[in-house]
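Trainee: Pasting a structure here, questions to come.
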Amino acid sequence: MRMFVLLAVWIGWVAVDSARALTIAHDPVPFAVRGQPLTLRAKVEGATAPQSVTLYYQLFKDAAPFRVAMKSSGLGYYVGAIEANLLSGVDSVSYYIEAQDADGLMAETEWYVVKFRDPRPSERPPAAATPPAPSPAGPAPAMPVPQAESGSSWRTPALIAGGAAVVLGGAYLISENSGSSGGGGGGGGDPSTNAPGTYVGTVVFCTTPPGEPTACDTDAFSLLIDSRNVVFSESIRPGQQLTSPLVNNRFTFTAPTGGGSIVYNGSWANDTVVGQISGSATSAAGTVVYSGTFSASKQ
């Protein structure tokens, strides 16, 4: 009887821990674009919000990993970026993600590898854009520091069988099949230094098939403007990961679709992003026209 009671108590403890446990999930993405920041996104869930979510990355085998604090973008998602200048001279980067709650309960992913490829012409900054003027001298930007806590669990990445890169879900970057965009509208001028951050809002996407009435859907979406004024989103057009420079406070996403493309022209002002959707696609049945609007506020 005593053994039965102890077993029941132990099972209860396990059930409570399981209910409180944090989980980390994100979609696999095998490639990043050389010369662009690597921005990773993960969804963290649990009984309570995590106290911290951290991206650990390693540029060389057996080197101590650097760490980047990931910030909440709403709806349980967390985003962290590795600056492009930190990735120069390497063909791949290894990383894992760790989440911890206020009681010290932790969740970790395995190590994963992202390989780099050269940018396509549409992914290069527009020729008309001029680089920002040098800012006055000031404190150097904070750089990731090696993990030094005792009891840390960083490990050397395992070899990937057959040379295939394996990435845990949630990487938010440009993949081989992504719908990357060209540059934003307007030429020259310095992008605003106040724009970087995470923006959350709604997108109204309308489709007008040939000879049929227009149908519209409204969905939540988010986008990220990083420290170099590059705009990312993987939810404004579900299933495609889009990127564009922010030039003169404007950007353009171009999402290819069967027989045509969808264009998202956006602008930034006062911590708000607004924009218009246009485009069309041609099929045997005729031309489908796309339209709509989107707006988001800085979090």
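Every number in this text was worked out from the coordinates using simple rules, so none of it is lab data. Just so it is clear, the model here is predicted, and its values are computed rather than measured. In this analysis, Cβ positions are derived from the backbone assuming ideal geometry, glycine residues included, and neighbour counts consider all displayed protein chains.
Trainee: Summing +1 for each Lys or Arg and -1 for each Asp or Glu, what net charge is found among the other residues whose Cβ lies under 13 Å from the Cβ of Asp226? Display every interim value, and only then the final one.
Mentor: Numbers: positive: Arg41, Lys71, Arg228; negative: Glu83.
Taking every Cβ under 13 Å from that of Asp226, the sum is +2.
Trainee: Once you list every other residue whose beta carbon is under 9 Å from the beta carbon of Tyr78, what net charge do they have if Lys and Arg are +1 and Asp and Glu are -1?
Mentor: Details: positive: Arg41, Lys43, Lys71; negative: none.
Its environment carries a net charge of +3.
Trainee: Points 7 angstrom from Cα along the Cβ direction at Thr23 and Asp103: gap in nanometres?
Mentor: 1.8
Trainee: log₁₀ I(q)/I(0) of region 199-299 at q = 0.10, 0.17, 0.21 Å⁻¹, via Debye over equal Cα point scatterers, no solvent, to two decimals?
Mentor: Evaluating at q = 0.10, 0.17, 0.21 Å⁻¹ gives log10 I(q)/I(0) of -0.27, -0.73, -1.04.
Trainee: Next up: Pull out the extension gain between Thr193 and Cys206, defined as 0.36 nm times the separation in residues minus the alpha carbon to alpha carbon distance; nm, one decimal. Before the final figure, lay out each step's value.
Mentor: Working: separation 13, 0.36 × 13 = 4.68 nm, distance 3.28 nm.
Going from the current span to full extension adds 1.4 nm.
Trainee: Mind giving me the nanometre distance, one decimal, between the label points for Ala215 and Lys43, set 7 Å out from Cα along Cα→Cβ?
Mentor: 2.4
Trainee: Around Val204, with a cut-off of 11 angstrom between Cβ atoms, what is the net charge of the other residues, counting Lys and Arg +1 and Asp and Glu -1?
Mentor: Values: positive: none; negative: Asp217, Asp219.
With Lys, Arg at +1 and Asp, Glu at -1, the neighbours total -2.
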